[in-house]
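Novice: Here you go, one structure.
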Amino acid sequence: MRSGFIDSHPLGRALLVLLLSATVGGCSPDDLLDVEYPDFITEAAIGTSAGADALRIRAIGDFAQLFNGNMALATTGALWTDELASGRQQYDFFDNRANYRRDWDISFRHWSNLRNQSLRAVEAMTSFLPDGPDKSTKIGHMKALDGLGMVLMAEHYCSGIPIGRIEDGKMVFDETPLTYNQLFELGIQQLDAALAVLPQSATDLRNLALVSKARALLNLDRPSEAAAVVVSVPTSFTWKAEFASGAVQSGLYDWIETSGNYTPTNREGNGNYDSCDGTGQGLPYICEGDPRIRIQRPHFRVGQDGTTRIYRLLDHTKPNYSITVASGIEARLIEAEANLRAGGSTWLTILNGLRATMISGLGPLSDPGTEKARVDLLFKERAYWMYLTAHRAGDMRRLVRQYGRQASDVYPSGAFFKGGTYATQYVFEPHEAEANRPDGAPEFVGCINLQI
Amino acid sequence: LRFLSKKGAAFMYSSLFRKLAMGVLLAVSIPLTSPAVAAMSAESPAEVPGSLGMQQVGVIVGQVTDASSGAGVSNVSVYLVALGIGALTNEEGRFRLERVPSGDHTLQLERIGYAALTQVVSVPAGGTATVNFAMQMETVRLDEIVVTASGEMARREVGNVIGSINVPTLTEKLDFTDISQLLSGRTPGMQVIQGTGTLGSGAIVRVRGINSMSLRNDPLVIIDGVRYQTGEMVATIASLGSTALSQLNPNEIESIDVIKGPAAAALYGTAAANGVLVVKTKRGVVGPTQWSAYMTGGINQQTADWPDNYQSWGRNVGQTTPIHCRLTMASAGTCMVDSLTTFNPLMNKETRPFANQPRFVYGLQARGGGGPFTFFISGEVTDDTGPYEMPASEVARITEIRGSPPRDNQIHPNQMRQYAFRSNFDLEITPKARTRVSVGYNDLELDQPFGGGGGYFQGLLMQTVRGPGYRTARNGNAVQWTGDILSVEINTREKRFTGGLTTEYEPFPWLRLRGTGGIDNMSGFASTMQVLGEGVVTGWGRIVGQQGGRYVRREQKTRYSLDLGATATWDYSQDLGFRGSAGAQYFQDQMYRTWGDGFTLLPGASTISAASDRTVGEVTAEEATYGAYVEGGVNYLNRLFFTTGIRTDKNSAFGMRQGSVFYPRASVSWVVAEEPFFPFKDFFNDARLRFAWGMAGVQPSSTAAIAFYSSSLVPHLGSVLPGLALGSLGNADLKPETTTEYEFGLDLGMLERRLNLEATYFYKKSQDALVSVALPPSVAAGTSQFQNLGEVKNTGFELAVDGAAMRTSLLSWDIRVSGTFVKNEIVSRGGVPPTMTQGARLVEGYPINGLWARPILGWNDANGDGILTENEITVGDTMVYRGPQQVPPRQFILTNNFNFFDGRLLLLAQLDYNAGHFTQWNMERDRCGATMNCRAVNDPTTPLKEQAAAVAFSSSALGRTPWGYMVPKDYLRLRELSLVASLPARIVQALPVASASITLAGRNLWLLWTDYPGLDPEAQYTVPASGTVIDYDWFSEPPIRTWSLRVNVNF
């Protein structure tokens, strides 16, 4: 009877359909879509003291990345100048300073990460850490790294550095990019802010902020102010960036020791990269056997191109070697430069003092007699004391900008040792992805100019 | 089988499938318990056989032959419609049905490729009825059963073209080593791109072009109703690429239906925009157990003619130190050439790491059943060795250093052992309810040579093809020994279980319910191992000169499927019928991965626990989808069919502000040849017009919509601490890519169906295409964000022509031409500008990843020295489009089937022609632009065209254009060649076997023609899984050539 009615009558079929529909109706199917994302940490987790501290730790990592992470300033700046040459198979635009592909610019991304991360960390720590010297030290640490990051960027990049951030989940941008001088000034502001908040007990961080501020002032061609800032910094002071295998790994180790891509140089330029007899504009980092640049000779391998001789840097043979970012030596070198610029006579004493007390095996320097030669000597000392610490690019720019040198006399120029010639771009450019801004945001079209 | 399909009527849909599941389960339980239903069942003749005495039953025997050739036709489904008793014919076409109730019965015969037959047979009580059939080949198979989302239907009812592959007839004749070979060239519109020449590297399948710029373009695969995971195998070290599809054993498959686009796949919903492969594995048949055994022995060959490495020796002017003096340097006068040397470590027999290697396959299958129960059981063992072998000189060197020879997996670094099992059971619970259990298990162990982990200047080919052009201390390699490279052991172990349970219940003649639940689980373990003291191989790990290292990865990927549906029919009159279906599905994907690595191992250590430098990681990804559909159809006179339906889906990967999505569809099929007014009945045996329209989607990746912070390790104050940073902005508006397709088609059968044609035009457009928008770095919120901005269009034409070219008593010759034309175009990037880098780009108005570069306009050897320099070459100022890549826009497959001596000897040959696409010949570009060891930069006799390519790529002044290395890769290859000999009947009768055959098969054979200047047009670095992955020739081995001898024996 039942099957007959349903089977034979359309109404019966409709009734069955309705019964089945009623059976399956009525509950929320969205429960079925509840899946787990344990890998991802949401915004809520940041609103704790531990979360704030994790933001701070990441900012420290971002600074290490900017300074000497993968293709970071210590490496790319060294290629750009005379500190390193490329033994890669493919064309190396950093070494040649040609056809500069902005999409390879990793440092700008690292710096943007550092800047935003340090701001987020400061904001979170201000809200969630208990007041006290520890909180002040940590906030001051962030501000000091932020300020130093700006100094590093202004030394390497063109005028036209964009600033952006996330506010309430939206992208926000400053109306106009900064010139490098504006960025130096902004860096000084941040370093002053760090000094204002850092307790006196945070000696190393305070010295880091002081040396970094002086470095910015030196770039702004205010050497006497710079010298005054570092007068209290002891010569023995060092502040190092830390690296570790499996965490932030040393880029110099990766690119020189591990992969044989890059090598220290001798008189790079004019077709040369490692001959002691070369006529290049670069300094003879290898052949002088200077104890400040610990290089194993002869070369320990050839580069990936099969021909370029790769020399081992004994201070970069492990992925976890720390690298000096700022030091009392740099403070004394700033004082020496200020004295030389002022026409003083103590600059040589300062240099020889460092040579006598901070390392063994170096004899005293003598006054070369001419102003140009004195500058050369000072900058050579800076180059040797601070080899592969992301100082050389800024120094070369200052030689052109502040000392009136020709760029072709300062930078490796002429014939490139792998064929062709060096190009004539002297500043880095921000990543081209910066142009991908949402509608309504200030347009970014690139550098304001490419002036040294 | 057809008696399971028939018709249905409207059944109202509800999206809340869980209760539907309960409803179905309740419905299924009724016949098991209800006395009323049991009484009704007792009246059914189908239940009688088991209870009848011998005098009341009889036997039907017979043979099925091809009407044209007279040869026996195997795998014909022979069954008694009313009783549900059936069997498959053996190799000779013979069948036997036992315990058939005496009396008249309707016997039905079906086989893909032949017209169905029906005949009434009288079975004497206690006797045997002998009946023979001659089946007509029928290429336009309008009455064949195909699988759709709403159930099985006759092909004539479906308004789309559905490609069908009858697998058993192919596996015995062609001996496939991989499922991708089975799919290659079988149906128009489906293109298979070969993997590299290493066992374990995967091929990819593309159906009707590339839909997505950002997501995977793999078709959805469904096996016995259960969704099967494709993509990467779970634990493979990714550099070689792999596909989980390769774990499907072709010898277990009965048929594959290819649903080509959204017009047909709409009811499969999200995930179906790239087409659907519906796979049915073999099942049991009622009757005596049929045993089949097969054994394959063969060889794997690497036949590439690898290029020489060159070095032009010279010295600087005025100096004596030997230097590498390249052509351009010599032309400029900066150095003078003294001599030219070449060396080829891949071809020199003392250094060559390739050798022919064996492959063996052993399989045993059984199928049978009695009463309500049938079974199919299969087991197969594969022992395969890839065409690599450590050269004897390296074995000797290593033996001297270590004091013992290298291990076998170092000498033969590419080995694969695979065990495949399948058990399928069918149980008729009542005459109205039956259940099917499908269980597949696969255990794979794979060794692969060190390919460099995807890095630069690493791995076997990098080191050999980049060698310096003379036999160095490292036997012509660049900087690493071949033996050391092959001593890095890469091993993958992967176990896969795929199981499904389907229950079908037909409570009334007009209503059929079905439910399938299933699971596809992959569990894998992979490792890379370099034992302490077994050489130094830079290119993996973190420590230069490391002495020992290990990487391990364990991973589980599981996909759960639940599919419930109902189909009902209502025959309003003899001329007009209605069909309705409704269904609901739920799918969940889970992936859990842990990995760790450790370097600087202790002596004798083989675990990361003993390493001094360790890292670990963990990844979890989950995704869920639920959806439901309704579909209705009208059938007028069994020759005009209209179907329409709609599906809705919701997926956990959609953005939080995105609701459900809807995929409608409609189709019309008109068998016009059966209309009384059709004027060409004498010429056209079949003629059908069809049209379909529909939508389907592809969901974004599981976490693309989520804003999250990510952690990383930071060294600080002597420790390593975790830090947090904003990892992704997410996108709350994220939704699936939706593809809309229109399809028009025509099917024709002519000359008594000896000539058949199937032609289809399709137009499909993917909207809301996900575009990875690069974020401004200054906001520090990750590198990119997926946004639904783009549109991608694919248009094309598919043609299949089958013809019986010759029919004589000595020879029958069948030809099949399969043509595919597809044009891919990015319609819109949603305002996101393309990258300005030369190479593969996503540019509006051009194909996905079309190739762009500044063109080389010409050259002139002005000084006549035979050497081109940069000032003798003219290059355009702006990038221009070079051509498409990834899948060929034009493909023709010509399959010939020669049948001699009534089928006792078969010769099959397949020619594969691909045209219209380009690739980046990056291996040569790298050798000429970086390693500088190619001919074009060393040998002054090199043609100027090759010199121009090399100089232009190396010159900043010429924009470093890769134009000269963007090359066409059209080719014509003899893809398959097979000779099958069946054992003569008189010998079979003398042996304890039912039939036997021997197959000699070759695959990836001769390249008959190509305009590709490199190694092989099918050599590619990686398999392009999504639109974002670019296909190029980058130090990769061409596909393996195989020769196999297979013996098939049926008992």
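The values are calculated or read from the model by the stated rules, or taken from the named source; none is laboratory data. In this text, all values refer to a predicted model and were calculated from it rather than measured experimentally. Every residue, glycine as well, gets a Cβ built from its backbone with ideal geometry; the counts of neighbours run over all protein chains shown. Protein only, heavy atoms only, side chains kept; ligands, DNA and RNA dropped before computing areas. Shrake-Rupley method; radii C 1.70, N 1.55, O 1.52, S 1.80 Å.
Novice: Can you name every residue in the stretch A:164-193 that is farther than 27 Å from A:ILE452 by Cβ and within 14 Å of chain B (Cβ to nearest Cβ)?
Specialist: A:ARG165, A:ILE166, A:GLU167, A:ASP168, A:GLY169, A:LYS170, A:MET171, A:VAL172
Novice: Something else about it: Of all residues in the stretch A:409-431, count the ones that are in contact with a strand residue (DSSP E or B) (Cβ under 9 Å, 6 or more places away or on another chain), away from every other protein chain (no Cβ under 14 Å) and either farther than 24 Å from A:ILE161 by Cα or among the acidic types (Asp, Glu) (or both).
Specialist: Summing the residues that are in contact with a strand residue (DSSP E or B) (Cβ under 9 Å, 6 or more places away or on another chain), away from every other protein chain (no Cβ under 14 Å) and either farther than 24 Å from A:ILE161 by Cα or among the acidic types (Asp, Glu) (or both) in the stretch A:409-431 gives 2.
Novice: Name the residue that is modelled with the highest pLDDT, counting only residues in the stretch B:639-658 that are outside any strand (DSSP E or B), more than 26 Å from B:PHE762 (Cβ to Cβ) and open to solvent by 30 Å² or more (accessible area, probe 1.4 Å).
Specialist: Step by step, filter the stretch B:639-658, then rank; the result is B:GLN658.
Novice: Determine if the stretch B:747-759 includes at least one residue that is among the charged types (D, E, K, R) and closer than 25 Å to B:GLU623 by Cβ. So that I can check it myself, show each step before the final result.
Specialist: If we filter the stretch B:747-759 for residues that are among the charged types (D, E, K, R), which is where we start, we get B:747, B:752-754, B:758.
The next check asks that each one be closer than 25 Å to B:GLU623 by Cβ; those that pass are none.
So far as the stretch B:747-759 goes, no, none of its residues is among the charged types (D, E, K, R) and closer than 25 Å to B:GLU623 by Cβ.
Novice: Report, by residue number, each residue of the stretch B:325-354 that is in a strand (DSSP E or B), open to solvent by 40 Å² or more (accessible area, probe 1.4 Å) and of a type in the set (A, V, I, L, M, F, W, C).
Specialist: Correct list: B:MET336, B:VAL337, B:LEU340.
Novice: Here's another thing I want to ask about it. Go through the stretch B:176-204 and report how many residues are at positive phi and modelled with pLDDT of 85 or more. Break it down stepwise before answering.
Specialist: Taking the stretch B:176-204 as the starting set, the residues that turn out to be at positive phi are B:185, B:189, B:200.
If we keep only those that are modelled with pLDDT of 85 or more too, we end up with B:185, B:189.
Number of matching residues: 2.
Novice: B:ASP383: surrounded by 19 or more Cβ atoms within 10 Å (Cβ to Cβ), of a type outside the set (Ser, Thr, Tyr) and assigned to a strand (DSSP E or B), yes or no?
Specialist: In short, no.
Novice: So how many residues does the stretch B:242-262 have that are among the hydrophobic types (A, V, I, L, M, F, W, C) and at pLDDT below 80?
Specialist: 1
Novice: Further question on the same structure: Quick check on the stretch A:247-256. Is at least one of its residues open to solvent by 10 Å² or more (accessible area, probe 1.4 Å), assigned to a helix (DSSP H, G or I) and farther than 20 Å from A:ASP395 by Cα?
Specialist: Yes; the residues of the stretch A:247-256 include at least one that is open to solvent by 10 Å² or more (accessible area, probe 1.4 Å), assigned to a helix (DSSP H, G or I) and farther than 20 Å from A:ASP395 by Cα.
Novice: So is A:TYR273 open to solvent by less than 10 Å² (accessible area, probe 1.4 Å) and in contact (Cβ under 8 Å) with a residue 40 or more places away in the chain or not?
Specialist: Working: open to solvent by less than 10 Å² (accessible area, probe 1.4 Å): no; in contact (Cβ under 8 Å) with a residue 40 or more places away in the chain: yes.
Here the answer is no, as A:TYR273 does not meet what is asked.
Novice: Against the definition (at positive phi and either without any contact (Cβ under 8 Å) to a residue 12 or more places away in the chain or touching a Leu at 6+ places or on another chain (Cβ under 8 Å) (or both)), how does B:GLY459 come out, yes or no?
Specialist: no
Novice: Is at least one residue of the stretch B:683-706 among the aliphatic types (A, V, I, L, M), within 14 Å of chain A (Cβ to nearest Cβ), in contact with a Gly (Cβ under 6 Å, 6 or more places away or on another chain) and under 30 Å from A:ARG58 (Cβ atoms)?
Specialist: Checked the stretch B:683-706: at least one residue is among the aliphatic types (A, V, I, L, M), within 14 Å of chain A (Cβ to nearest Cβ), in contact with a Gly (Cβ under 6 Å, 6 or more places away or on another chain) and under 30 Å from A:ARG58 (Cβ atoms).
Novice: Working only within the stretch A:351-378, note down all residues that are aliphatic (A, V, I, L, M) and part of a loop (DSSP other than H, G, I, E, B).
Specialist: A:MET358, A:ILE359, A:LEU362, A:LEU365 - these are the residues of the stretch A:351-378 that are aliphatic (A, V, I, L, M) and part of a loop (DSSP other than H, G, I, E, B).
Novice: Please indicate, with yes or no, whether at least one residue in the stretch A:45-52 is at pLDDT below 80 and facing another protein chain (nearest Cβ under 8 Å).
Specialist: yes
Novice: Moving on. Just checking, which of B:TYR586, B:TYR636, B:TYR572, B:TYR629 is out of contact with any Ser or Thr (no Cβ under 6 Å at 6 or more places or on another chain), more than 11 Å from chain A (Cβ to nearest Cβ), surrounded by fewer than 23 Cβ atoms within 10 Å (Cβ to Cβ) and not aliphatic (A, V, I, L, M)?
Specialist: B:TYR636
Novice: Pick from A:ILE329, A:ILE293, A:ILE323, A:ILE310: which is open to solvent by less than 30 Å² (accessible area, probe 1.4 Å), at pLDDT 95 or above and within 14 Å of chain B (Cβ to nearest Cβ)? Before you say what the answer is, go through the steps one by one.
Specialist: Working: A:ILE329 fails: within 14 Å of chain B (Cβ to nearest Cβ); A:ILE293 fails: within 14 Å of chain B (Cβ to nearest Cβ); A:ILE310 fails: at pLDDT 95 or above.
Result: A:ILE323 is the single residue among A:ILE329, A:ILE293, A:ILE323, A:ILE310 that is open to solvent by less than 30 Å² (accessible area, probe 1.4 Å), at pLDDT 95 or above and within 14 Å of chain B (Cβ to nearest Cβ).
Novice: Being surrounded by 24 or more Cβ atoms within 10 Å (Cβ to Cβ) and within 22 Å of B:LEU972 (Cβ to Cβ) is the requirement here; does B:PRO188 meet it?
Specialist: yes
A quick yes/no check of all residues on (1) of a type in the set (A, V, I, L, M, F, W, C); (2) more than 9 Å from every other protein chain (Cβ to nearest Cβ); (3) assigned to a strand (DSSP E or B); (4) over 30 Å from A:TRP111 (Cα atoms):
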| residue | (1), (2), (3), (4) |
| --- | --- |
| B:VAL720 | yes, no, yes, no |
| B:GLY723 | no, no, yes, no |
| B:GLY727 | no, no, yes, no |
| B:GLU741 | no, yes, yes, yes |
| B:LEU746 | yes, yes, yes, yes |
| B:GLY749 | no, yes, yes, yes |
| B:TYR763 | no, yes, yes, yes |
| B:ALA769 | yes, yes, yes, yes |
| B:ALA781 | yes, no, no, no |
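Novice: Criterion first (modelled with pLDDT of 95 or more and among the hydroxyl-bearing types (Ser, Thr, Tyr)) does B:THR874 satisfy it?
Specialist: yes
Novice: Further, regarding this structure: Within 14 Å of chain B (Cβ to nearest Cβ), under 13 Å from A:GLY87 (Cα atoms) and in a loop (DSSP other than H, G, I, E, B), is that true of A:GLY278? Before the answer, list the steps.
Specialist: Numbers: within 14 Å of chain B (Cβ to nearest Cβ): yes; under 13 Å from A:GLY87 (Cα atoms): no; in a loop (DSSP other than H, G, I, E, B): yes.
So A:GLY278 fails the test.
Novice: Quick check, is A:SER201 within 27 Å of A:THR126 (Cα to Cα), part of a loop (DSSP other than H, G, I, E, B), among the hydroxyl-bearing types (Ser, Thr, Tyr) and in contact (Cβ under 8 Å) with a residue 40 or more places away in the chain? Break it down stepwise before answering.
Specialist: On the way: within 27 Å of A:THR126 (Cα to Cα): yes; part of a loop (DSSP other than H, G, I, E, B): yes; among the hydroxyl-bearing types (Ser, Thr, Tyr): yes; in contact (Cβ under 8 Å) with a residue 40 or more places away in the chain: yes.
Yes; evaluated as a whole, the condition is true for this residue.
Novice: Looking only at residues in the stretch B:748-792 that are touching a residue at least 60 places away in the same chain (Cβ under 8 Å) and aromatic (Phe, Trp, Tyr), which one is nearest to B:SER710 (Cα to Cα)?
Specialist: My answer is B:PHE786.
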